[in-house]
Amino acid sequence: MPELPEVETVARDLRDALLGRRFERVEATHPKIVRFPAPEVFCQHLMGRRVDAVDRWGKFIIVLGNTRRQLKAVLFDQARVAGLGNIYIDEACHRAGVRPQRRCHRLTPAQRRTLHDAIQSVLTEAVRNRGSSVDNYRDVWNAKGRHQEALQVYGRAGQPCLRCGAVLRKVTLAQRTTVFCPGCQR
Ligand SMILES: [Zn+2]
């Protein structure tokens with residue numbers, strides 16, 4: 001599942017390539033992603049139309065609230081609408097110095113703010129680097145993203161933290177592999 005930076009990178013490239021052009025022929029190669037109307041109707045409808053805009057569906061929102069649930073699980077729920085997934089959740093928690101297993105209601109207002117800012121800066125930087133190619137993600141031109149080289153914790157369990165030197169630990173939270181630093185995340 002691509003996360004927001006990868007989706008945004010693709011959306012920007014498509015925007016540059018497609019705006020103002022017309023569809024001559026439309027084919028649904030993945031008909032399952034067209035829920036409504038029926039794929040054939042959808043294709044028919046687009047034929048001859050001009051592309052006015054390319055947008056991604058899903059934007060970043062964060063409402064942590066006073067739930068007693070663990071931070072990682074709550075961020076994952078947000079992810080469904082926000083495009084924030086495993087990689088960037090771990091990266092943002094590390095940047096904010098907050099452990100992903102923390103219960104949300106125990107986070108201080110300062111930690112919430114720091115976390116909010118960390119999520120935004122992590123995503124902004126990843127978009128600037130055109131996404132992370134940790135699996136098979138490629139952009140519109142089939143090129144890899146560059147952000148995988150900038151990741152601080154994701155995929156680095158057992159290696160030293162780049163900020164404090166402690167050995168990064170791996171745990172399973174919200175059924176996902178989670179990497180955090182026991183030294184600088186509280
Ligand atoms: Zn650390």
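Any read-out appearing in this document is the output of simple, stated calculations on the displayed coordinates, not a laboratory observation. Only a predicted model underlies this, so the values are computations on that prediction, with no experimental measurement involved. Virtual Cβ from ideal backbone geometry, glycine too; neighbours counted across all protein chains shown.
When +1 charges are put on Lys and Arg Cβ atoms and -1 charges on Asp and Glu Cβ atoms, the dipole computed for the chain relative to its Cα centre reaches about 820 debye. Dividing the mean sequence gap of close Cα pairs (under 8 Å, 6+ apart) by how many residues region 71-180 holds gives a relative contact order of 25 percent. The protection proxy used here, the mean number of other Cβ atoms lying within 10 Å of each residue, ranks peptides 44-51, 152-159, 138-145, 24-31 as follows, highest first: 152-159, 138-145, 44-51, 24-31. A simple rule links phi to the HN-Hα coupling: the Karplus curve 6.51 cos²θ - 1.76 cosθ + 1.60 with θ = phi - 60°, which for region 169-176 gives 10, 10, 9, 9, 10, 6, 6, 10 Hz, with x for Gly and Pro. Across the chain, the relative contact order, built from alpha-carbon pairs under 8 Å that are at least six residues apart, equals 22 percent. Going toward the positive end of the dipole of the chain, with +1 on Lys and Arg Cβ and -1 on Asp and Glu Cβ, which of Gly48, Leu151, Val34 do you reach last? Selected residue: Leu151. A cut-off under 12 angstrom between Cβ atoms defines the neighbours of Arg169, and their net charge, with Lys, Arg +1 and Asp, Glu -1, is +2. How much net charge surrounds Asp139 when only other residues with a Cβ under 11 Å from its Cβ are counted (Lys, Arg +1; Asp, Glu -1)? Result for the local shell: +2.
Here's the picture: charge each Lys and Arg Cβ at +1 and each Asp and Glu Cβ at -1 in region 71-180, and of Ala73, Pro109, Cys161 the one pushed furthest to the positive end of that dipole is Pro109. Counting only aspartates and glutamates at least 8 places from Lys72 when in the same chain, those with an alpha carbon closer than 15 Å to its own are Asp90, Glu91.
Helical runs assigned H by DSSP (4 residues or longer) give the chain a calculated mean residue ellipticity at 222 nm of -11500 deg cm²/dmol, each run adding -39500 (n - 2.57) before division by the residue total.
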